[in-house]
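Bear in mind that the values in this text are calculations on the coordinates, not laboratory data. What you see is a predicted model; the values in this text were computed from it and never measured. Glycine also receives a Cβ, built like all others from the backbone with ideal geometry; neighbour counts cover every protein chain displayed.
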Amino acid sequence: MKTAMFFALLPTLLCASSAFAVVPLSSVKRESNLPTVSNKFIVEVDTLADIPTKRSLETSHEFLYRSLRERAVVFEVDKEFNSAGLFVGAALTLNSANDAAALQNTPGVKAIRPVRKFDRPKPVLTHVVSGVNDPALPPDSESTHIMTGVDKLHAQGIKGKGIKIGILDTGIDYTHPSLGGAFGPGHKVIGGFDLVGDNYTGSNTPVPDADPLDQCAGHGTHVAGIIGADPGNDFGISGVSYEASINAYRIFGCTGFVTDDVIVEALLLGNKDGNDIMTLSLGGADGWTESSSSVVASRLAAAGKILTIAAGNDGASGSWYTSSPGNGIDVISVASVDNTVIPLQNATVHGVQHDPITYFATFPFPVTTELPVFATSNDTTVADDACNVLPPSIPDLSNKLVLIRRGGCTFVQKLTNAAAKGAKVALIYDNGSGFAGISVGDFLATLIQAADGEFLVQQFAAGVPVSLSFPQTGGSTNFPDPEGGLVSSFTSYGPSNDFFFKPAVAAPGGNILSTLPVPLGSFGVLSGTSMATPFVAGSSALLLSVKGKSVAVARGARTLFETTAQRIPSSHTDGDPLQTVTQQGAGLINVFDAIHTTTIVSPGELILNDTAHARPLQTFTVKNTGSTAKKYTLTHVPAGTALTVDAGTIFPALGPVPLVATAASVSIVPKTFTVRPGQSQAVVAVFSPPKGLDKTTFPTYSGFIQIESGADKTHVTYLGLAASLKDKQVVDNTDEFFGEVIPAILDPAGDVQAGPANYTFVGEDVPTLLFRLAFGTPTLRVDLVDASIKFTPTLNSRDLESRGFPFFSFPHPNKGGSFAQVKIVGSLTELDFISRNNEDPDDNGFTTIAFSEPTFANGTTIANGSYRVLLRALRVTGNPTREEDYESWLSPIVGVTV
Ligand SMILES: *[C@@H]1O[C@H](CO)[C@@H](O)[C@H](O)[C@H]1NC(C)=O
Ligand SMILES: *[C@@H]1O[C@H](CO)[C@@H](O)[C@H](O)[C@H]1NC(C)=O
Ligand SMILES: *[C@@H]1O[C@H](CO)[C@@H](O)[C@H](O)[C@H]1NC(C)=O
Ligand SMILES: *[C@@H]1O[C@H](CO)[C@@H](O)[C@H](O)[C@H]1NC(C)=O
Ligand SMILES: *[C@@H]1O[C@H](CO)[C@@H](O)[C@H](O)[C@H]1NC(C)=O
Ligand SMILES: *[C@@H]1O[C@H](CO)[C@@H](O)[C@H](O)[C@H]1NC(C)=O
Ligand SMILES: *[C@@H]1O[C@H](CO)[C@@H](O)[C@H](O)[C@H]1NC(C)=O
Ligand SMILES: *[C@@H]1O[C@H](CO)[C@@H](O)[C@H](O)[C@H]1NC(C)=O
C-alpha cells in the first residue's frame, strides 16, 4: 500500500530476494500505518437531478454543505471537484468521528473514499552528465526508438504535431534548451499549473501558483524529455513525440509525497485544459481498481482521453501487487523493458597486453592517474575476501587500485576494510557470472566481471606490474545488456485482485538517458516504469497525430498497442517460456505497427478469470483494413504459467515469479480464413486451463493467439487463473514474519497481549492491532464484541483484547445474511479494497491500527466493560453477507476502563 510515488529507480541495485527474515516486534511503532490520511475523505455527490430535496438554483456542492450544516457537522472543504459527467464532489476534512457518521447519512452522497497518500520513493541515484563536451555521453541514445519502431515513424515525419500531452509530476524545467527554453503558448511547454508549490510535502497545505517550473526534484523533467526532448542536443537524443505540446501539472513539492485529492484535481484540470493524453509516472501498490484517482483516471479514459500510468516497480514483491492509479480499468498501465544495451565505461590495462576492462558505471570514474593494481588476496577462490580487518602486512592502499573478490559479506564492509588501509578506489570482481550495479555507499567502487578480476589478480600475484587507467573521454562502451529486451525485473506483477489485466503493455524503461533540470545537470540516466510510461504517452501522440483526435481513436489506442505488441521471452535461454502476461502485459509496443497495421483485432484482452467465475468461451474479430484480401492463420502461443504463491504456504512467491511451461489448451474456430478488404471475421476461442498444477500455487496462466498473414502479425492476449480466488487465504496467521503468531494486539510495552488486559486510553495506554495480509481483501472489518461471545474464529486465537482511535473509514451498515448474525457491540473500523502487505518491513510489510481513542467508528464512546476485538477479512470474490466467506480472528479480552 505504501510504495514509492515515483517509479524511477537506479537500474543497478542488487536485490536479494530471499524469504523474509524475522522482523523484531520491537521495531513495530505503536501507531497506525495505514496508507490513508486520517479524517480526510473524498466525497462524490449525486448529480442534482437525482436529489429530490434540493432547492432551486442550489448546486450539488451547496446542497452537500447545507445538508452537513443542518446535521451540525464541522467540516472544512479542502478541494472541490466539479466536472459534470466525470466527477462532482469535494475533499473534506472532518472534525470528529461523529461528523463522519453524519456525512455517511447525508442525502446526495454517492461515494466516500479515503484519501490515500503516496510516499516519495527512496532517493533515486541519478547519473548526471556534466556539460556540453561531457565525454561520458552514453553512446546509445536512440536504441529505445529502434526497439519500438519510433525511429521509422520519425523518418516518415510523424512526430506528434498538434497533440497535447499533460504530464502530472514534479513539474518541468522548461528553461532547458531541449525542452523549448521557455513557458507558455508558442513554446513546447504551452501551459499547466503548479497545484502544490515548492514547499508542499504531502502533509501541509498546498500553495498553488501558475508556474509549474521544477528545478529541485527533476523527475518530471526526465519524463518530459522522454516525450519531448528536441533533437540537436549534444547527447543525440530526442523525445518520442517531440513536436507535441506539453502541459505541466506539478503535484509534488521539492520533497515529500502527494495525496489522492491532489491527483484527482490535476486529472480534472488536465481534462479541462483539453489535453489529448495525460501521463502519470507515479502510484502506490494497491491491488484494486477502486481508489479515487484510479476511478477518475478510468472515467477520463472511457470518455476519450488516453491515460498512461506506471505499472509500478514492485516486481520483487511478486504477483497480485498492482499499483494505483495504474489500476484504473480503462487506463494503459505500463510495464518496463530493459534497454538492449547498457552504456558502461572501459578502463585501460597497462603493464600487460590485454583488452580494455568494462566496469559497471555509466560515467567514468573521476580518476585521472594510472593506478597500480593491488589484490587483497592472491587467491581468486577465497570466499570472504576482505570481509575482515585487513592484516598489518597489507601496505598503504591510497595510491592503488584495490581488487576484491565478491562474496561473504556486504560490499560496504569490504570497502570499509580497504578504506582503513587508505584505499580510495576499488573494483570488486564477481564470484560467478554476475555483472550489475552494486550498492557501495559513498565509496568509489563498482563491479567488474569475474574473468577480468581473475586475470588482474593472477598478473599481480605473478609480480607483473599491472595498472589501470580510467579514460575521461572515449571510454564509453555499449555493453550488450544480458537482460536487454526482457521485462525489467522491477516491473510490478498483476493481475489486480478483481482480475483486471495489469499491466497492459511494456515500453523501454531501463537505462534511459533524458533531460534533467538545468541546475541538476541537464541530462541523466534513470530507470523505472516511470520512464516507460511517458514513452507510451509519446507513442499515443504519434498515433493520434496520424489517426486523428477522435474519441474512437483514443478509446481504441490500448487495443491497438496490445494487438501489435511484440511478445517478450522470460529469458534469453532457448526453451524458456515467454514471460507471464501478468508482468509483460501484451508485450513491448511497436508503435510503427500500431499505426500502420492493416489488421485490426478487437478486443485485445481475453480475461478468463478464476475457475469459479471462468469465462472459457471468448470471441474476437479480425478486420482487414488493407486493400487486398488476406489469408489469416491463427495459432496458440502460450506464455509461462506463473506460480504466484509458494506451494504449501500462504505467501506470494517473490519476484522473479517462477514460471512453468504447463499451458492452457485452446480450440480456435476458424483457424484459417480469408478476409476481403474492409471485411471482418469473428473468431471463437475456447480455453481449458492447464492441468496437473498444484492449485495452492494459484497458477496464473496466460498467452496469445497469434493472427498471422505473411509478415503481418498481430495477437490477442489471454489471462486466467487455474484456481479459485476464494480459496486464497487472506490473513497471515503464521509466526513467519515476526517470530510471533499474528494477528495480535500490542500492549503499551509493544508486546503481544497474551491474556486479559485493561486499557485506560490515557497517554500510551492504548491497544494497537497488528496484522499482515497475505492477499488483498475487498473488506476488512474490525468490530468490538462481547468478551463472552460464542464465536469460533477461523484463525488462531490467543485469549483477549480492546480498542479506541482516529477514524479511517465508514463501516457499512449491516450487510445482512449470516454476517449480520454475528452479534457485535459496535464497529471500530472498516477498510475497503485493501492491498496485501509485502515482504519489506520498511515498506508495506505489515499493518498497525492504534486505537488511540475509546470510541466506536461513529464517534460514540465505548462504555467501560470487557470486550474482544473481532477482525474479519472477506476473501476475494466472497459474498459480503456470508460469514463463512470471511476469515476471522478474535483477540484476548480487552478491558475498557476510561
Ligand atoms: C517555503 O519555505 C521556506 C522555508 O520555510 C520559506 O522561506 C519560503 O518563503 C516558503 N516559500 C513559499 C512559497 O511559501
Ligand atoms: C570495451 O571493452 C570491451 C571488452 O574488452 C571491448 O569488447 C569493447 O570493444 C570496448 N569498447 C570500446 C568502445 O573500446
Ligand atoms: C557470491 O557471493 C554472494 C554474496 O556473498 C553469495 O551469495 C554467492 O553464493 C556467491 N557465489 C558463489 C558462486 O560463490
Ligand atoms: C601476493 O602476490 C604478491 C606479488 O607476488 C606478493 O608480493 C604478496 O606477498 C602476495 N600476497 C600474499 C598474501 O601472499
Ligand atoms: C472476475 O470475476 C469476479 C467475480 O465474479 C468479478 O468480480 C471480476 O470483476 C471479474 N474480473 C473481470 C476483469 O471481469
Ligand atoms: C480490568 O478491570 C476490571 C474492572 O476494573 C477488573 O475487574 C479486572 O480485574 C481488570 N483486569 C485486568 C486484567 O487487570
Ligand atoms: C454508534 O455505534 C454504537 C455501536 O454500534 C451504537 O451503540 C451507537 O448508537 C452509535 N451512535 C450513533 C450516534 O449512531
Ligand atoms: C470506568 O472505569 C474506571 C476504572 O475502573 C473508573 O474510574 C471510571 O469512573 C469508569 N467510568 C464510568 C463511566 O463508569
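Residues of segment 469-490 with amide nitrogen under 16 Å from the 7 Å Cα-to-Cβ point of Leu444?
469-473
Whose amide H sits under 5 Å from the amide H of Tyr718, counting only residues 5 or more places off or on another chain, with H placed in the peptide plane?
Correct list: Leu606, Gly703, Phe704, Ile705.
Can you give the extra length, in nm with one decimal, that the chain gains between Gln413 and Asp646 once fully stretched, where that is 0.36 nm per residue apart less the Cα-Cα distance?
That pair, Gln413 and Asp646, stretches by 80.6 nm at full extension.
Run the quick spin-label model on Asp574 and Cys216: label points 7 Å from Cα toward the beta carbon, then report their separation in nm to one decimal.
Roughly 5.7 nm, to one decimal.
Could you tell me which of rounded, prolate or oblate describes segment 729-896, using a ≥ b ≥ c as the square roots of the eigenvalues of the alpha-carbon gyration tensor, with rounded for a/c under 1.5 and, failing that, prolate when a/b is larger than b/c and oblate otherwise?
Here segment 729-896 falls in the rounded category.
Just add up the charged neighbours of Glu243: K/R +1, D/E -1, any other residue whose Cβ is under 11 Å from the Cβ of Glu243.
Neighbourhood net charge equals +2.
HN-Hα J couplings of segment 712-726 from phi, Karplus 6.51/-1.76/1.60, θ = phi - 60°, integer Hz, Gly and Pro as x?
Rounded to whole hertz, the list is 7, 10, 10, 8, 10, 10, 10, 8, x, 10, 8, 6, 9, 4, 5.
If you add up the charges near Ile650, with Lys and Arg at +1 and Asp and Glu at -1, over every other residue whose beta carbon is less than 15 angstrom from its beta carbon, what do you get?
-2
Just to check I understand the Karplus step: with θ = phi - 60° and J = 6.51 cos²θ - 1.76 cosθ + 1.60, what whole-Hz values come out for segment 386-400, glycine and proline as x?
Each residue of segment 386-400 in turn: 6, 7, 10, 3, 6, x, x, 5, 7, x, 4, 10, 5, 10, 10 Hz.
Kindly provide the helix-only [θ] at 222 nm of the chain, computed as the sum of -39,500 (n - 2.57) over DSSP H runs of four or more divided by all residues, to the nearest 500 deg cm²/dmol? Write down the numbers at each step before the final one.
Working: 13 runs with 128 residues, N = 898.
When only DSSP H runs of four or more count, the value is -4000 deg cm²/dmol.
Between Thr381 and Thr473, what FRET efficiency comes out of the Förster formula 1/(1 + (r/R0)^6) with R0 = 25 Å and r the beta carbon distance, rounded to 0.05?
After rounding, the FRET efficiency stands at 0.10.
Amide H neighbours of Glu736 under 5 Å, at least 5 residues apart or on other chains, H built in the peptide plane: list them.
none
Can you check what the net charge comes to around Met531, using other residues whose Cβ is under 13 Å from the Cβ of Met531 (Lys, Arg +1; Asp, Glu -1)?
Numbers: positive: none; negative: Asp169, Asp338.
Result for the neighbourhood of Met531: -2.
Quick one: if you take sqrt(5λ) for each eigenvalue of the C-alpha gyration tensor of the chain, what semi-axes come out, biggest first, whole angstrom? Let's see the in-between values first.
Working: eigenvalues 395, 262, 168 Å².
The answer is 44, 36, 29 Å, longest axis first.
Pairs of alpha-carbon atoms within less than 8 angstrom and 6+ residues apart define the contacts here; what relative contact order does segment 729-896 have, in percent?
33 percent
Between Glu31 and Val669, what FRET efficiency follows from the Cβ-Cβ distance if R0 is 56 Å, with the result rounded to 0.05?
Once rounded, the FRET efficiency stands at 0.40.
What list of ³J(HN,Hα) couplings, whole Hz, do you get for segment 845-853 from phi and the Karplus terms 6.51, -1.76, 1.60, once you set θ to phi - 60° and write x for glycine and proline?
x, 7, 10, 10, 10, 8, 8, 7, 10
Under the rule a/c < 1.5 gives rounded, and otherwise a/b versus b/c splits prolate from oblate, where does segment 350-479 land using the Cα gyration tensor?
Details: a/c = 1.33, a/b = 1.22, b/c = 1.09.
Note, shape of segment 350-479 comes out rounded.
When DSSP assigns beta bridges and you keep just the ones with both residues in the chain, what percent turn out antiparallel, to the nearest 5? Working shown, then result.
Values: 122 of 173 bridges.
About 70 percent, rounded to the nearest 5.
Over segment 598-726, what is the relative contact order in whole percent, taking alpha-carbon pairs under 8 Å and six or more residues apart?
Relative contact order comes out at 36 percent.
Tell me which residues come under 5 Å, amide H to amide H, from Ile163 once H is placed; ignore anything under 5 positions away on its chain.
Excluding prolines and chain starts, which carry no amide H, the hits are Ser245.
Determine the shape class of segment 199-340: with a ≥ b ≥ c the square roots of the Cα gyration tensor eigenvalues, call it rounded for a/c under 1.5, and otherwise prolate if a/b is greater than b/c, oblate otherwise. Can you show the working numbers first?
On the way: a/c = 1.35, a/b = 1.15, b/c = 1.18.
Because its axes are fairly even, with a/c under 1.5, segment 199-340 counts as rounded.
On a straight-distance basis, which lysines could pair with Lys695 in a cross-link, Cα separation under 21 angstrom, same-chain partners fewer than 8 positions away excluded?
Within the straight-line cut-off, Lys695 pairs with Lys726, Lys728.
If you rank Glu883, Glu764 by fewest surrounding Cβ atoms within 10 Å, what's the result?
Glu764, Glu883
Counting only C-alpha contacts under 8 Å and six or more residues apart, can you give the relative contact order of the chain as a whole percent?
RCO, the chain: 13 percent.
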